[in-house]
Amino acid sequence: MVASAPPWAVVLVPVILAGFAFAAAAADGIFTARAAGVRLTGAVAAAPLAEVARLLAGQRRATPAADRVLWRSGLIAVPVAAALAAVVIPFGSVTVSRMSVGVVWFNAMEVLTWAAVWMAGWGANATLGLVGGYRFVAQGLAYQLPLMFALICAAAGAQSLNVAQVVTAQAHLWFAVWMPAAFAVYLAAVYAFSFLGPFSYPAGRDLAGGVMAELSGPDRLMLQAGRWLLLTAGAGMAVPLFLGGGAGPLLPTWVWSAVKTLAVLAVLVWARRRLPTIRADRYAEVAWVVLIPLTIVQALVVSLVVLTRGGVPL
Amino acid sequence: MSAFAAVLVLLAMVLLVAAAIYAAGWLLGVARSPLPVVPFTGGLPPAEHAFSRFHVRWYALAMLFLAFDMEMIFMYPWTLVISAVGPSAVIEMFTFLAVLLAGVAYAWREGALRWA
Amino acid sequence: MGLTQALLRVGAARPHVMIASVPGGTEVRLAAEAELRRRGWPAAPSPADADVLLIAGNVPGELDDPVAEVWRAVPAPRARTQAVSPDEVPAALDRARSLAGDLSRQRAALPVPGDPPDEGEGPQAGGGPGHKNGGPGGMQMPGGMDMAGGMGMAGEMGMAGGLRVASRGEDRDGLKLDQLHVPLGPFLPDWPAGLVVRVTLQGDVIQHATAGFVGVTGEGRPYWYEPWLRAAGERADVGEAARRRTAAYLDSLGRFLAVAGWDLAAVTARRLRDESLANAPEATLGPAVRKFARRVCRSRVLAWATRGLGVLSPAEAVAAGVGGPALRAGGDVCTRYRQWCAEVAEAAAVFADRSPADPGLLEGPRGPLDGRAAPSAGLVAVLPGLLAGAEFAAARLIIASLDPDADELAPAGVGAGHGG
């Protein structure tokens, strides 16, 4: 049973989110250092903190005739969207917001990034950034529908849009076990909306950083932190949706939540550099012709199971 | 605290944190004012402002996406009532989806999914 | 302020370095990339992300302005340094790091608020003699700062003027939307040194492109061809030539994989390249190189992402003067990188061969260097045809799969390599 947290716990949401994001960035630094053959020291693991320090002290940049309002709004909206999306994720057996439509809320907050990243690309009045911003929207058109169908699968399995009830419905069997296609599509979509890993097309090196090409100082910190926070929020949401929330033997529920979130983050960060960039013009075809029918079939399976069981969780 | 009250409080908090980061950057940074620069394309100056009517080639896909997105609005509440309404709910929803998938197949054959 | 100095010191422990590679500076660039990898310092993709601008090699006259332009775009805290030979790289990086972490010197180099933006004729753009490539052994930036140039630049740009607004042009689907004329300059990340491709972009599709090298000095020998040029006079053995060739292919592959976004493979390629140039023992290096080549060849995702891009038929290649692996592959980007992988694996098999190399049988990494047009001239000549109609990412992949080298145009008597 997932209960409501005391009111002051709202303060902990960004703190915990940032903590996990830092752990993910540190792990990424460690994997990169291993691949490059660099000796692993404490400094490697603390690299995200050094990066924050460097960016805080850095100077911002102003391009000529930039659209400053859109630019800054876009940059700030990315981490804000991540934090808002994370508000419905239960930690253990408490949740800060017992929204009855938590799944839809998560989807809606993630969609905010479409506007935010496009604005970040447009606002700078720079060609490479502009191309990067439009690339994100093209990528969005490809990943969004399979993601929505995956969320529908999880919601249909529990017959509820309330995240707490989705957790309860997995008491006997995790959704990741009997909805594997939805789980896999969801994880790919987490890469896509945080534009990291194989879906870093909008911020790719071929565009000299794309939407990040003209950013420095606190601006860059906002967007870079936003990406990692989005990845963390996505990984955190995978736990109640597909991995049974805080359920587990022996240990308290919040420990299980944390362990499962870290496990998903570890997989995402490990696989991040192992695939080439998947470009939207190639991916759109695969997403619409393969992934959407796949997730629709998955949703059909789920709804048939739910029908035959008469609403009792599997 | 109601669900959305928590969200509002969180929104206010996060905006404050963002403002604080910018304030910290202004106070603690090496330079107070931003550096005026020319957009980077490799070292040579660009010829025009980048603000332009960008030719978005995936406009057909965007129309298709809108159709599906409207369908999703029906699917979210549908998940709540599957077993209550019974088999007719499943049949109706997936017939609807099949019709939309026929549209996707047509768009695929017409090349709307391949734009570059 | 103490806190700012502390932040600067923490940030300067791991500065982001942008390497500005110029024609003739291949060896320095290789040393710089290896040093950065060893220290674990990230390479910045754009000046916005850079703390240190490392100029690898002597800057030719034509590239002075682009270098100054890039330097003006680097935000504080920043340091600029130059290394003219591979041994100077570690010292240059250390100097730059200490400069980037020094608050008082950073603050001293900032423009004084209240300077009218239109001024700046004097100390701007290029600055004094210390900014150009120094004489033998001259490499360091005095003080390392050129901030006055930045204020002058702002004056030229003005508030919103100084730049045209995009105008329209025809397109293949009948819409007439705006076109942007973008010079893809010499200092993009993972880009051939000295190459400038001026494109007309509509959306993110290139309508028209012209390509050429800037800053080819006409002195020096191309680094990748050294064993072959030596074999004509002195004797180089097959193993050494194979090592250099393997390193050349791995360098091109590393750049290609970085553009394709496959970071792990790019890092591996560059690490193997450094080991190959450092004469690592054949017993470990050979199998590692072959295993890597096999992994890249077998990647289905990379093949799917690059299939059908930049098709260069053998007939067109011969007509344009393209030789070497690009001609042998005779197809799209996918076949070209697979050709590189196959040839790398072949070359890795003969590392230990100490027999003298037969000059008549040898061919360089991009094609035969036999006194006719340089292979890279042909590669640049086919670029405009291949890039027209290509999307931006596809264009970057095409350029990376051909990988023309400016150094080959250096020896006198070889073609100048200006593309259509």
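The values are calculated or read from the model by the stated rules, or taken from the named source; none is laboratory data. Just so we're clear, the structure is a prediction, and the values are computed from it rather than from any experiment. In this analysis, Cβ positions are derived from the backbone assuming ideal geometry, glycine residues included, and neighbour counts consider all displayed protein chains. Quick note on the areas: whole protein, heavy atoms, side chains included, nothing else; ligands and nucleic acids left out. Shrake-Rupley method; radii C 1.70, N 1.55, O 1.52, S 1.80 Å.
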Sites matching trypsin sites (Lys or Arg not before Pro) across region B:31-116 that sit in DSSP coil, with at most 14 neighbouring C-beta atoms within 10 Å: B:Arg32, B:Arg53, B:Arg114
Read phi for every residue in region C:310-322 and hand back ³J(HN,Hα) as whole Hz from Karplus 6.51 cos²θ - 1.76 cosθ + 1.60, θ = phi - 60°, with x for Gly and Pro. x, 6, 10, 6, x, 5, 4, 4, 5, 4, 8, x, 8
Treating the protein assembly as shown as a set of equal point scatterers at the Cα positions, no solvent, please give the Debye-formula log₁₀ I(q)/I(0) at q = 0.07, 0.08, 0.10, 0.11 Å⁻¹. -0.55, -0.72, -1.11, -1.31
Return the carbon/sulfur percentage of the accessible area of the protein assembly as shown, one whole number, probe 1.4 Å, all protein chains in place. 64
Row for region A:53-155, column shape: gyration tensor on C-alpha, a ≥ b ≥ c, rounded if a/c < 1.5 i.e. under 1.5, prolate if a/b over b/c, else oblate; value oblate
Could you sort the residues of region A:54-74 by number and keep only those whose accessible area is reduced by 50 Å² or more in the all-protein-chain setting relative to the chain alone, 1.4 Å probe? A:Arg54, A:Leu56, A:Ala57, A:Gln59, A:Arg60, A:Arg61, A:Ala62, A:Pro64, A:Ala65
Tell me whether region C:34-79 comes out rounded, prolate or oblate; compute the Cα gyration tensor, take square roots of the eigenvalues as a ≥ b ≥ c, and use a/c under 1.5 as the rounded threshold. oblate
Of B:Leu11, A:Tyr186, A:Val167, which is farthest along the charge dipole of the protein assembly as shown in the positive direction, counting Lys and Arg as +1 and Asp and Glu as -1 at C-beta? A:Val167
List the DSSP H helices in chain A whose Cα atoms stretch 18 Å or more along the helix axis and whose mean Kyte-Doolittle hydropathy is at least -1.0. A:12-36, A:68-86, A:102-123, A:127-158, A:180-193, A:217-242, A:253-271, A:292-309
For the protein assembly as shown, with only Lys/Arg (+1) and Asp/Glu (-1) charged at the beta-carbon, what is the dipole magnitude about the Cα centre, in debye rounded to 20? 1900
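Counting alpha carbon pairs within less than 8 Å and at least 6 residues apart, what relative contact order, in whole percent, applies to chain B?
Taking the mean separation of contacting Cα pairs over the length of chain B, I get 25 percent.
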To the nearest 10 degrees, the tilt of helix B:3-28 (Cα long axis) against the first principal axis of the alpha carbons of chain B is 20
Convert each backbone phi in region C:338-352 into a coupling constant with the Karplus relation 6.51 cos²θ - 1.76 cosθ + 1.60 (shift: θ = phi - 60°), then list the ³J(HN,Hα) values in order as whole Hz, x for Gly and Pro. 5, 5, 4, 4, 5, 6, 5, 4, 4, 5, 5, 7, 10, 4, 8
Per-residue ellipticity at 222 nm attributable to helices in the protein assembly as shown (runs of n ≥ 4 DSSP H, -39500 (n - 2.57) apiece, nearest 500 deg cm²/dmol) works out to -17500 deg cm²/dmol
In the P(r) worked out for chain A, what percent of Cα pairs fall beyond 36 Å? 17
If N is the residue count of region A:73-220, its Cα Rg over 2.2 N^0.38 Å rounds to 1.15
Along Cα→Cβ, 7 Å out, is where each label goes; now give me the distance between the ones at A:Arg39 and A:Val15 in nm to one decimal. 3.7
Given a 10 angstrom Cα cut-off, can you work out which residue in A:Leu141, A:Leu221, A:Leu304 is the most mobile in a GNM of chain A? A:Leu304
Using only the C-alpha atoms of region C:223-419, find the volume of their convex hull and express it per residue in Å³. 105
For chain A, the per residue accessible area (1.4 Å probe, Å²) is 30
Averaged over A:224-237, how many beta carbons belonging to a partner chain fall within 10 Å of each residue's beta carbon? 0
Need one number: buried accessible surface between chains B and C, 1.4 Å probe, both sides summed, DNA, RNA and ligands left out, in Å² to 100. 3500
Find how many whole Å separate the alpha carbon centroid of region B:1-39 from the alpha carbon centroid of region C:164-202. 35
GNM, chain B, Cα, under 10 Å: largest mean-square fluctuation among B:Ala47, B:Ala62, B:Ala31? B:Ala31
Fluctuation leader among A:Val13, A:Val69, A:Val255 - chain A, Gaussian network, Cα springs under 10 angstrom: A:Val69
State, in square angstrom and to the nearest 100, the accessible area buried between chains A and C, both chains counted, probe radius 1.4 Å. 4000
FRET efficiency, B:Val85 to A:Val290 (Cβ-Cβ, R0 41 Å, nearest 0.05): 0.85
Along region C:177-186, Karplus-curve 3J(HN,Hα) (6.51, -1.76, 1.60; θ = phi - 60°) to the nearest Hz, with x for Gly and Pro, reads 10, 5, 10, 10, 9, 10, x, 7, x, x
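Antiparallel DSSP bridges in the protein assembly as shown: what percent, to the nearest 5?
Roughly 55 percent of the DSSP beta bridges within the protein assembly as shown come out antiparallel.
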Evaluate the charge dipole of region C:2-108 about its Cα centre and quote only its size in Debye, nearest 20, assuming +1 on the Cβ of each Lys and Arg and -1 on the Cβ of each Asp and Glu. 560
Got a sec? Which residues of region A:1-36 lose 30 Å² or more of accessible surface with every protein chain in place, vs. that chain alone, 1.4 Å probe? A:Pro7, A:Val10, A:Pro14, A:Ala35, A:Ala36
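Hey, what did chain A get for relative contact order, percent, Cα under 8 Å, at least 6 apart?
25
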Which residues' amide hydrogens lie under 5 Å from the amide hydrogen of C:Asp237, considering only partners 5 or more residues apart or on another chain, with H built in the peptide plane? C:Ala357
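FRET efficiency for C:Ala13 and A:Asp67, Cβ-Cβ distance as r, R0 = 41 Å, nearest 0.05? Mind dumping the intermediate values first?
On the way: r = 35 Å, r/R0 = 0.86.
Result of the calculation: an efficiency of 0.70.
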Rounded if a/c is under 1.5, else prolate if a/b is larger than b/c, else oblate: which is region C:1-96, with a ≥ b ≥ c the root eigenvalues of its Cα gyration tensor? oblate
